[in-house]
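Inspection log for the structure reproduced underneath, given as structure tokens.
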Amino acid sequence: MQQSLKETRVQGTPMHPLKIYEMKEENGKIDVPYHWQETVEILWIQTGTLSLMIRDEQFTGNPCDIFYVNPRELHGMQSVTADCTYLAFIFPISWLQFVHADEAAGKYLNPLISQSAHIATQLPRQTAVRVTPILQEIFTLYKNEDIGAWLGIKADLLRFYCDMYRDGMVRRSHEDSCQMSLLLDLSRFIQEHSSENLTLKILGERFHMSPKYFSVYFQKHFARNFTDYLTAVRIEHAKKLLLETSFPMELIAQQTGFSSSSYFIRTFHESTGLTPRQFRLHMQVQSGSHVP
């Protein structure tokens, strides 16, 4: 598994291992490039339409749809409609382990923790309807933080996995295919070299394809063309520099692969609805901090 694509943000705390993100953008755009993490991620679509790439398969999420991303599965998301919002429940499944060995742990939880079994990616409608009240209760407990909330959250997650087994959503895992290895290598290469002048010719030569075939292959497996994906990766890198440094726009443009600061500012605004300076200020105000 490629370490450069691993999500490094700390999710939750030892006392509160579950983190719920309410995903939306002020300008209606969500663009999360390929990444993976050690934790489980349950995606519950609230409004609009979301395009997802999980492993090497494309999905379309509509309101009430639920997707399950197993640990170490490569995935990325992109909003299709301006009103797209979804909840992301992120937690380590090992949190649900028991101190004393029993059938619940040995037969049902441990295979998921060891990744010898995995949950189906998109829950069928009947299963989604069954677990929706569980996710809603988890979200309510998480937001209100009443007495016993985290006990209830943990119990609800165990109920969620009970329904996964009951509805046949748990399957024996298999090793990554050669194609998945290629996609991981390709994603890693783009992440590591995104500041360089990458072209279809360069990528084609690197992965032993003609530029034309590489373009078709990339579009098929990443659900977007190479240029759009590269731009999304560069924008994500730029956001990190805007938040963590006081670098001027010219330097950020240079370090993220944009040909000029004016092109960087224009592209950033088209992607996020904010100029880089507006984004930096907005995030500083939200966090109550200042870039050093």
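For this structure, a couple of remarks:
- Against the list (1) open to solvent by 30 Å² or more (accessible area, probe 1.4 Å); (2) among the β-branched types (Val, Ile, Thr); (3) assigned to a strand (DSSP E or B), the condition Ile45 fails is (1).
- Answer residue from region 82-140, given it is in contact with a Ser or Thr (Cβ under 7 Å, 6 or more places away or on another chain) and of a type in the set (Val, Ile, Thr) and is nearest to Glu25 (Cα to Cα) among those: Thr85
- Selection of first residues in region 109-121 that are under 12 Å from Tyr165 (Cβ atoms) and of second residues that are of a type in the set (Val, Ile, Thr) and open to solvent by 30 Å² or more (accessible area, probe 1.4 Å), restricted to Cβ pairs under 7 Å at least 6 apart or on distinct chains, gives the following pairs, ordered by first then second residue: Ala117/Val170; Ile119/Val170.
This table checks each residue for (1) in contact with a His (Cβ under 9 Å, 6 or more places away or on another chain); (2) on the phi > 0 side of the Ramachandran plot; (3) modelled with pLDDT of 95 or more.
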{"position": "Glu25", "(1), (2), (3)": "no, no, no"}
{"position": "Glu41", "(1), (2), (3)": "yes, no, yes"}
{"position": "Gln46", "(1), (2), (3)": "no, no, yes"}
{"position": "Thr49", "(1), (2), (3)": "no, no, yes"}
{"position": "Arg55", "(1), (2), (3)": "yes, yes, no"}
{"position": "Phe59", "(1), (2), (3)": "no, no, yes"}
{"position": "Cys64", "(1), (2), (3)": "no, yes, yes"}
{"position": "Pro71", "(1), (2), (3)": "yes, no, no"}
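- Flag for Phe67 being closer than 22 Å to Ala117 by Cβ, of a type outside the set (Gly, Ala, Ser) and open to solvent by 20 Å² or more (accessible area, probe 1.4 Å): no
The values are calculated or read from the model by the stated rules, or taken from the named source; none is laboratory data. Computed from a predicted structure; not experimentally measured. A quick note on method: Cβ atoms are made from the backbone with ideal geometry, for glycine too, and the neighbour counts reach across all protein chains shown. Remember, those area values only see protein heavy atoms, side chains included, never the ligands or the DNA or RNA. Shrake-Rupley method; radii C 1.70, N 1.55, O 1.52, S 1.80 Å.
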